[in-house]
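Please treat every number below as a calculation from the coordinates, not as lab data. Just so you know, these numbers come straight off a predicted model, no measurement behind them. A quick note on method: Cβ atoms are made from the backbone with ideal geometry, for glycine too, and the neighbour counts reach across all protein chains shown.
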Amino acid sequence: MIREADDELTIFERSRAGRRAFVAPSLDVPERPLDELLAPALRRAEPPRLPEVAEPEIVRHFTRISKRNFDLDTGFYPLGSCTMKHNPKLHERIAALPGHAHLHPLQDPARAQGALELMWRLQQALGELAGLPHVSLHPSAGAHGELAGVLLTRAFHEDRGEHRSKVLIPDTAHGTNPATVTMGGYHVVAVGTDTQGNVDLDDLRAKASDDVACLMLTNPSTVGLFETGIEEIERIVHGVGATLYYDGANLNAIMGISRPGDMGFDIVHFNLHKTFTQPHGGGGPGAGPIAVSERIEPYLPRPQVVRRGGGSDEADAVYDLDYDRPKSIGRLRGFQGNYGVFVRSYAYIRSLGAPGLREVSEIAVLNANYLLAKLRQEGVLEYLPAAYDRLCMHEFVLSGAPMKRELKIRTLDLAKRLLDFGVHPPTVYFPLIVDEALLIEPTETETKETLDRFAERVAAILREAREDPEIARGAPHTTPVRRLDEAGAARRPVLRQRF
Amino acid sequence: MSRYTSATDADRKEMLATIGVESIDELFADIPAALKLDESLALGPGLSEQEVFEELRALAARNVCTDDEISFLGAGMYDHYIPALIDSLILRSEFLTPYTPYQPEISQGVLQAMFEYQTAISELTGLPVSNASVYEGPSAVVAAGYVAKLARGRRRFVVSRGVHPHSREALRTLAHAWGMDVQEAPLKDGLTDLPGLDDEVSAVIVQQPNFLGAVEDLEATAAAAAEAGAISICACDPLPLALLKTPGECGVDIAVGEGQPLGNRLDYGGPSFGFFTTTEELIRRVPGRIAGETRDLDGRRGFVLTLQTREQHIRREKATSNITTAQALNALAGLIHLSWLGRRGIVELVELIVQRTAYARDRLCAIEGVELLHEQPVVREFALTLPVPVQEAVAACRERGVNPGYPLERDYPEHPDGLLVALTEKRTRADIDRLAEVLEAAVQAGARELEQVAQ
C-alpha cells in the first residue's frame, strides 16, 4: 500500500484551470442561442467546481488512492457476518456483455427476453435454496429486503383485518433488523439469549402475543450457531399468528443442507453480495431478493417476473413483467432491481450447481471449526475464549475480555495490529452481547494454510503483547495512515473539500 | 471439489482430526434431523467456466440493447457514453472487492473517494451536505421523505405528478406503513400546480426536470414549502444540474436523484446509485454512510466514516435509516465520470444535449399531427402527443431499427398517445433525422389505418 509522509492530494487539489480530459463530440445541429432554449433566469450562476484535470492525472490519482486500500484479492478478510468469499473473474466479463450491460430498463419485455428469463431462472433457483415457492428480486440490498419483509407482514395481517404493533428481535441481531422495524412502522421488542447462545425460549414465550406481527431471526445466528430450538420457535411464533422472518446474512452455512422454508420461515432475504459473490465494491452494490411462502405471495412488490405458456417445452415460454397484482405492497425502488448483480449471482449458481453449493457450506463450516480448533491449539483461546463452547457453523465469536484484563490490550488493539500483517481484522465489538467481541468468518474459499497462518499470527501478537502491550496499542504502524481521530471528525464534521 | 474451494481430501482429514470429529456431517449436528435435506437440491450439476459463459452470452444475445437499435428511451435512465477509464479503474480489485471501510487505516482509497464524491455531488446540487450514496433514484425519494417525516412529524406528503412514477409509487408504499397520506399535485401546462399547503404537510416533492422533461420553478416550490413549515424535496437528473439553477440556489432542503447518467451503465435498471444532499440543518438526520476528513496520530490527513450515531449499527431502532450496503462502487464511477467531464466539460456536454434536444423537438413537431405535450423549456427530454395509437407507432419504428421513446399511457392515462423522447450525446443529428423519418412514416401509416376504420 502507498504510504508517504505527505498528505495524498484529492482530485480537486490536482485541478488547474484550463486542463481537461473531455472533448465534446462536435455540434452537428444548427446552433440556437442558449438564452432562447433556457432563459438565464433558469440557469445556475456558476458552473459546478468540478476538477480540471487531463486523463493521465485522473488515472494516476485513482490508481494511487486504490493502492491505499486493502482488498480481498490481496489477502485474508475474515470479516464476520460479511462472507468475504472470492469474487470470480468470469462474472465481470459476463456482466459487461452489451446484451446485459446496455439493456435499457424500459425496453419492451418482448425485446428483453434473455434478461427476463435469467431473472426467472434466478428466482427459481433462490426459491429452491430457500425451500419457498415464490421469489421477488426487487430489493436493492439486505436491509432493503428486510424492509420488504416487514411491509409484507403488515400487508398480510391487514388483509385479515388485524393490526399488530410489535416485532420481536433477538438481542444478538444485526442493527439493520431493529432499524428496519422502526422504518416499517412497528415497535421493537428484544428477546434474550440463553447461556448456550440460543434464543431464550422462555423469554420468547413471555413476549409472544397477538400484538406481535413478526419474529426476525438470523439462523445460524450472529454468534455463528444454529438455533437448536428452531422447531419450538416456529410453533411459538406461528401460534400467535405472527410471521417468521429469516435474515439471510448467514445462509452461506446451510446451502443444500437445510432450508429456511422447511424450518417454517415465511419470508427470507438473500444477500447476493455475501452468499452469491457480488463484489462488495467498498460498500455496494448489493441485492436483497426475498423468497416467501404461498400465503405471503399476493403481497410481493411489483412488477414480478413471470413465465407464461411453454408448459413442459421451455422453448415456447414467454417471460413478462406482471404489474397486475392488486394486493401488492407496491414498489420499493425503480425498475426491475439490480440486474447486473443478478447476472453474477446466476452465473455463480450455474457454475457450482447443487453439489457445488452444498460443498460451499460444508467447507465454510469446516474452515470455521478448523480455525477455532487451530486457535485453541495455538493457545489463543486462553486469552480470547469462545463465547460459546460448541461446534460452530460458518463463523464464531471470541471474547477479548481476558486479553484486555491480563495482557492490557483491547480487541481493537488486536484488530489494528493485524493490519500490520496484511490481514483484514474480523468484525469487532459485534455481537453486542459479547464483551470485547471478535466475530470471525473465514469462508470456504480460503486454504488451510491461510487459516494456519492467521492462527499463528494472532498467537504471535498475544506473545508480543505479553512482552510489550504498547506495540499493539499503538498499531497499526505500517499502514498508509495511523489511527485516525474519529471523535474529532464527528465533532467538527468536514464532509467536503473546501475551496 | 468446486473450482472456488481448495480443501483436498488430505486437508479435510487433517482438519477434522484437529477439530476432533469424524466427518463433516458431524459439524451439522445442531440441525434437527427432521430439518435436514435428505436429497440434493434441484439445481442440476455445476458447469465449466466456458459453459457458463456460453449460456449467459446466449441469454444476453436475446436482448435488444442500445447497441442494437437507435434508442431514444430515457424516463429515468439514459444511454450516455461511458469513458474507457471508468472500467479500467473501477475493476481494480482494490475498489471492486473490499467491504464497507470499517478499518479506515487500510481503506483510505475508498474513504477518500467518498469524500471527493460528496464534494462533487454537493457542487452539482448546490447543497453543502452529501452522503456517500443511497440505492438509486426512487428509493432516494423515499429516504428523503423519511427524513422529512422524522423532522416534521406531520401526516401528509404532497408530491408532484411530474415526479417519476416509480418514485411516487415507492413513496406510497412506505407512507402507508408510516400512517401518512400522499397527495398528488397535478401538472398544468407541463408544470407542477401546487395546491395550498397547510400545517399537516411534512414535505413537498418535485422533480427537476420533471418526468415530462419540463424545467420546474424550484424557487416557488421551496418558498411555498418553507411558508407552510414543510421540507422541500427535489429529485434531480444530475447532468442538467450543470446548467440549471441548483436546488441549493432555489432554497430546496433536500436534493436527491438517480446517479446512473454519471458513469453507470444501464444494466437493465441497476445497479446504479442514488445521491442524497441536504442543508447543514438536517445533517444529523441524513441516511447512510458519510465520509469525513480528520487527522491521524502523526498529523497526516485521513478520512473516516463519520456521524455514525445516526446509523443502524450504533443506534439500532433509533437510527435515521436502516441502509447499510449502498452503492459505493457505482458512486465511484460517478465521481470518475465527473472528474473526466470537469468544470467546463460538463457544461459543454449538457449544452450539446440541449441543442440536439431542441433540434429533435423541432423535427418531430414538424410531422403532421404530432404535437408537443407541453411547451415548457426542456434540457434532454420532451413529451409529444401522436395523432395515432402510440403502441402501434412505436412498434412500427422499432421494426425499422429505431426505438422512439417511452409511451406514457401506463403511467399517465390522461395522455394515452403520449411519447417521451430522450436524448444523449450518443444520439447524433443523423439518428434524429432517422427517427423523424420512421416516426413520420409510422404516423402516416397509422393515420391511413384510422381513416380506413372510420370508412
Next on the checklist: For region A:368-480, take the convex hull of the Cα atoms, compute a quarter of its surface area, and give me that in nm², please.
Outcome noted: 6.7 nm²
Item to check | Contact order relative to length of region B:328-439, as percent, for alpha carbon pairs under 8 angstrom and 6 or more apart | outcome: 27 percent
Checklist entry - When every alpha-carbon pair in region A:231-277 is counted, what percent end up more than 17 Å apart? => result 36 percent
Next on the checklist: Need the C-alpha centroid separation for region B:49-110 versus region A:86-128, integer Å.
Outcome noted: 12 Å
Next on the checklist: Calculate the FRET efficiency for A:Arg3 and A:Phe499 from the Cβ-Cβ distance with a Förster distance of 35 Å, rounded to the nearest 0.05.
Outcome noted: 0.80
Checklist entry - What whole number of Å gives the distance from the Cα centroid of region B:317-369 to the Cα centroid of region A:367-386? => result 52 Å
Item to check | Those aspartates and glutamates that a straight Cα-Cα span of less than 12 Å connects to A:Lys89, excepting residues fewer than 8 apart in one chain | outcome: A:Asp73, B:Glu49
Checklist outcome for this item: By the C-alpha gyration tensor axes a ≥ b ≥ c (rounded if a/c is under 1.5, else prolate when a/b exceeds b/c, else oblate), the shape of region A:1-68 is prolate
Item to check | Long-range tail of P(r) for region B:84-336 (Cα pairs > 29 Å, %) | outcome: 28 percent
Next on the checklist: Taking the beta-carbon count within 10 Å as an exposure proxy, list A:Arg496, A:Arg32 from fewest neighbours to most.
Outcome noted: A:Arg32, A:Arg496
Item to check | Residue-span extension gain [B:Glu280 to B:Gln455] - 0.36 nm each, minus C-alpha spacing | outcome: 56.4 nm
Checklist entry - What are the lysines whose alpha-carbon lies under 25 Å from the alpha-carbon of A:Lys408, with same-chain residues fewer than 8 places away excluded? => result A:Lys374, A:Lys416
Checklist entry - Hull surface divided by four, with the convex hull built on the Cα atoms of region A:88-191: how many nm²? => result 9.7 nm²
Next on the checklist: How would the protein assembly as shown be classified by its alpha-carbon gyration tensor: rounded, prolate or oblate, with rounded meaning a/c under 1.5 and the a/b versus b/c comparison settling the rest?
Outcome noted: prolate
Checklist entry - Taking region A:223-320, which GluC sites (Glu not before Pro) meet the DSSP loop condition and have no more than 12 other C-beta atoms within 10 Å? => result A:Glu294
Checklist outcome for this item: Taking 0.36 nm per residue of separation between A:Arg325 and A:Glu467 and subtracting their Cα-Cα distance, the length gained on full extension comes to 44.4 nm
Checklist entry - Radius of gyration and Dmax for chain B's Cα atoms, expressed in Å? => result 25.8, 89
Item to check | Estimated 222 nm signal from helices in the protein assembly as shown, with DSSP H stretches of n ≥ 4 weighted -39500 (n - 2.57), rounded to 500 | outcome: -11500 deg cm²/dmol
Checklist entry - What is the set of long-range amide H partners of B:Asn63 at a cut-off below 5 Å, with H atoms built 1.01 Å from backbone N? => result A:Gly114
Next on the checklist: For Cα pairs less than 8 Å apart in space and 6+ apart in sequence, what is the mean separation divided by the residue count of region A:90-349, i.e. the relative contact order in percent?
Outcome noted: 27 percent
Checklist entry - Taking N as the number of residues in region A:90-349, what value does Rg over Cα atoms divided by 2.2 N^0.38 Å take? => result 1.01
Item to check | Relative contact order of region B:84-336, pairs being alpha-carbon contacts under 8 Å that are 6 or more residues apart, as % | outcome: 26 percent
Item to check | Pair-distance profile P(r), taking every C-alpha pair of region A:226-370, with 10 angstrom steps and integer % | outcome: 10, 30, 37, 20, 3, 0
Next on the checklist: Can you return the lysines within cross-link range of B:Lys188? Criterion is Cα-Cα under 22 Å, with same-chain partners fewer than 8 residues away left out.
Outcome noted: B:Lys245
Checklist outcome for this item: Amide H neighbours of B:Ala29 at under 5 Å, excluding residues fewer than 5 places away on the same chain, with H built from the backbone geometry, are none
Checklist entry - Pairs A:Lys85/B:Lys13; A:Lys327/B:Lys36; A:Lys166/B:Lys149: which exceed 25 Å Cα-Cα? => result A:Lys327/B:Lys36
Checklist entry - How far is the Cα center of region A:8-33 from the Cα center of region B:419-450, in Å? => result 31 Å
Checklist outcome for this item: In terms of the alpha carbon gyration tensor, root eigenvalues a ≥ b ≥ c, rounded if a/c is under 1.5 and otherwise prolate when a/b exceeds b/c or oblate, chain A is oblate
Next on the checklist: Give me, ordered by chain and number, the residues 5 or more places off A:Thr218 or on other chains with an amide H under 5 Å from its own placed amide H.
Outcome noted: A:Asp247
